[in-house]
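The values are calculated or read from the model by the stated rules, or taken from the named source; none is laboratory data. Keep in mind it's a predicted model, so treat the numbers as computed, not measured. Ideal geometry is used to build each Cβ from the backbone, glycine not excepted, and the neighbour counts take in all protein chains shown.
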Amino acid sequence: MGEQLLDLILPRACGGCGRAGIGWCAACADALSGPPIRIRPRADPGVPCWALAPYRGAPRRAVLAAKEHRRRDLATPLGASIARGLDILRDGSRPLILVPAPSRRVAARRRGGDPVLRAASVAASWLPDCRLVRMLCMRPGVRDSVGLSSSDRQHNLRGRIMVVPDCPPTRMFPANAEVVLVDDVLTTGATVSESVRALSDARVTVRAVLVTCAA
């Protein structure tokens with residue numbers, strides 16, 4: 001009854017197509033159900049990069065809804081899609097560690113939390129022998145990347161992604177663990193490149209990058 005009353009006050013709409021009465025429809029789920037696509041960003045992080053879909057249509061609208069319109073409910077379908085992609089890519093005999101790409105603190109506050117972290121948490125909960133480790137953060141001074149050129153994005157982030165001070169010691173990771181960096185959108189590759197660099201400096205070897213969408 002409470003959920004029905006809430007729908008009357010704030011009618012649900014699909015985060016991918018706007019269809020009324022459902023938060024995420026089957027057609028939009030299908031747009032994120034295919035095998036991951038190999039991508040090669042301009043800023044090469046030095047590890048294989050994969051995307052679940054191009055940054056258009058339902059996947060793009062869902063990512064924007066989660067980021068800019070506080071659609072926290074979309075963490076579940078987006079996280080489930082990430083889990084399916086990881087299940088295809090992973091070596092099932094090895095434990096999996098997911099590291100979400102960092103967000104600017106001001107952006108996370110504006111969005112009511114970090115949508116990448118929420119979706120990655122859902123993905124980790126769906127997969128056996130998998131856990132999420134929040135290892136990365138951004139130093140102060142990082143600007144919003146919207147409207148920046150590829151070189152400006154790289155300059156904006158250079159040296160400004162770091163391992164969080166209270167991060168669990170990496171020596172506690174299983175020796176044969178696969179570490180995958182997870183993000184929502186890959187545009188130039190600047191964020192994932194700096195993230196891989198920061199992890200490498202902390203002696204964490206990243207096996208791959210998986211994003212929801214590639215722009």
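Of all residues in region 157-188, exactly one satisfies the criterion of being modelled with pLDDT of 75 or more and among the basic types (Lys, Arg), namely Arg160. Taking the criterion of being assigned to a helix (DSSP H, G or I), in contact with a Pro (Cβ under 9 Å, 6 or more places away or on another chain) and buried (at least 19 other Cβ atoms within 10 Å of the Cβ), the residues of region 66-83 that qualify are Ala66, Lys67, Leu74, Ala75, Leu78, Ser81. Restricting attention to region 84-119, the residues that are assigned to a helix (DSSP H, G or I), modelled with pLDDT of 95 or more and either in contact with a strand residue (DSSP E or B) (Cβ under 7 Å, 6 or more places away or on another chain) or under 19 Å from Leu186 (Cα atoms) (or both) total 9.
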